[in-house]
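Trainee: Before anything else, here's the structure in question.
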Amino acid sequence: MSAVTETYSLGVPVDIGKIDQELKKLWEQSEGAMTRASLVNLAVYSEAPGSLEKNTQLIAKITENHACRAIVIGADCEPKQNRVEAWISAHCHISRAGSKQICSEQISFLLEGPCTKLLPSIVFSHLDSDLPFYLWWQGEFHDPMDPQLWAWVDRVIYDSQTWKDFDAQMRLVESAQQEAKQRIVLCDLNWTRLDKVRFALAQFFDHPASHHRFSTIDSAR
């Protein structure tokens with residue numbers, strides 16, 4: 001099965017209305033001990049040029065340890081004419097037992113023009129049912145937030161380091177939380193950049209002799 005390879009290709013071009021049919025055909029044509037696996041739905045949205053290829057590389061790395069149904073979306077809001085393209089592929093990795101390949105599906109979309117408003121319907125129609133839905137939004141959120149999209153998100157991943165107006169963006173995140181049908185878990189990648197600092201600070205209190213100082217700490221700068 002040429003499309004099911006550990007490469008960074010977007011895969012096989014498909015018609016929008018035939019994605020499920022082509023995915024089924026993809027697995028019917030597979031060779032060897034390959035198993036489709038999915039623990040979550042992971043949608044990645046970006047408006048940056050070249051993001052489809054870049055995020056396909058990220059998905060290839062993520063699926064080495066976390067099987068998922070990946071929906072990778074590259075959007076260009078500038079063109080006035082609608083255009084939608086789609087591809088299907090899979091990322092396969094040898095299982096830890098070494099007996100079979102575990103494969104995660106990826107569906108890629110290129111959206112141009114006003115068709116970016118179709119984002120909720122494109123995402124929802126291709127989710128793996130009954131699995132958590134994680135949305136990785138790269139870049140800044142748009143005002144107004146689409147309630148149809150955020151109503152079903154379980155976890156939203158973002159990076160506040162790239163925001164020009166932090167307060168305005170956080171208000172949009174809070175708006176998304178209000179639209180949700182369940183509690184959205186917020187994951188700001190910017191916090192991960194503080195891991196080493198937090199670890200270093202924690203080391204100050206490793207020794208039991210320093211524990212009495214906890215009661216004297218009332219704030220941190």
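Trainee: For the range 120-138, enumerate the residues that are closer than 16 Å to I157 by Cβ and either of a type in the set (D, E, K, R) or in contact with a helix residue (DSSP H, G or I) (Cβ under 9 Å, 6 or more places away or on another chain) (or both).
Mentor: Listed by number, the residues that qualify are V123, F133, L135, W136, Q138.
Trainee: Please work out if R155 is of a type outside the set (A, V, I, L, M) and exposed (fewer than 13 other Cβ atoms within 10 Å of the Cβ).
Mentor: No; evaluated as a whole, the condition is false for this residue.
Trainee: Here is a check on your reading of the model: is R69 over 22 Å from S129 (Cβ atoms) and among the charged types (D, E, K, R)?
Mentor: no
Trainee: Now for a separate question. Tell me, which residue of the range 51-84 that is farther than 17 Å from G139 by Cα and more than 19 Å from the chain's Cα centre (by Cα) is surrounded by the most Cβ atoms within 10 Å (Cβ to Cβ)?
Mentor: Of everything passing the filter in the range 51-84, V84 is surrounded by the most Cβ atoms within 10 Å (Cβ to Cβ).
Trainee: So which residues in the range 77-123 are of a type in the set (G, A, S) and under 23 Å from M145 (Cα atoms), if there are any at all?
Mentor: Selection gives S108, G113, S121.
Trainee: Still on this structure: I'd like to know if the range 192-215 contains one or more residues that are without any contact (Cβ under 8 Å) to a residue 40 or more places away in the chain and closer than 23 Å to N41 by Cα.
Mentor: Checking the range 192-215: at least one residue is without any contact (Cβ under 8 Å) to a residue 40 or more places away in the chain and closer than 23 Å to N41 by Cα.
Trainee: To continue, here is another question. If you go through the range 152-179 one residue at a time, how many are within 20 Å of K117 (Cβ to Cβ) and in contact with a Pro (Cβ under 9 Å, 6 or more places away or on another chain)?
Mentor: Count: 5.
Trainee: Cβ-Cβ under 7 Å, sequence separation 6+ or interchain: first residue in the range 101-125 and assigned to a helix (DSSP H, G or I), partner surrounded by fewer than 18 Cβ atoms within 10 Å (Cβ to Cβ) and β-branched (V, I, T). Which pairs?
Mentor: Pairs found: C115/V84.
Trainee: Within the range 7-21, which residues are at pLDDT 85 or above and part of a loop (DSSP other than H, G, I, E, B)?
Mentor: Of everything in the range 7-21, those that are at pLDDT 85 or above and part of a loop (DSSP other than H, G, I, E, B) turn out to be G11, D15.
Trainee: Here's a follow-up. In the set S95, S89, which member is surrounded by 23 or more Cβ atoms within 10 Å (Cβ to Cβ) and on the phi < 0 side of the Ramachandran plot?
Mentor: Answer to the selection: S89.
The values are calculated or read from the model by the stated rules, or taken from the named source; none is laboratory data. Note that the coordinates shown come from a computational prediction; the quantities given were computed from them, not determined experimentally. So basically every Cβ, Gly included, is an ideal-geometry build from the backbone, and we count neighbours across all protein chains shown.
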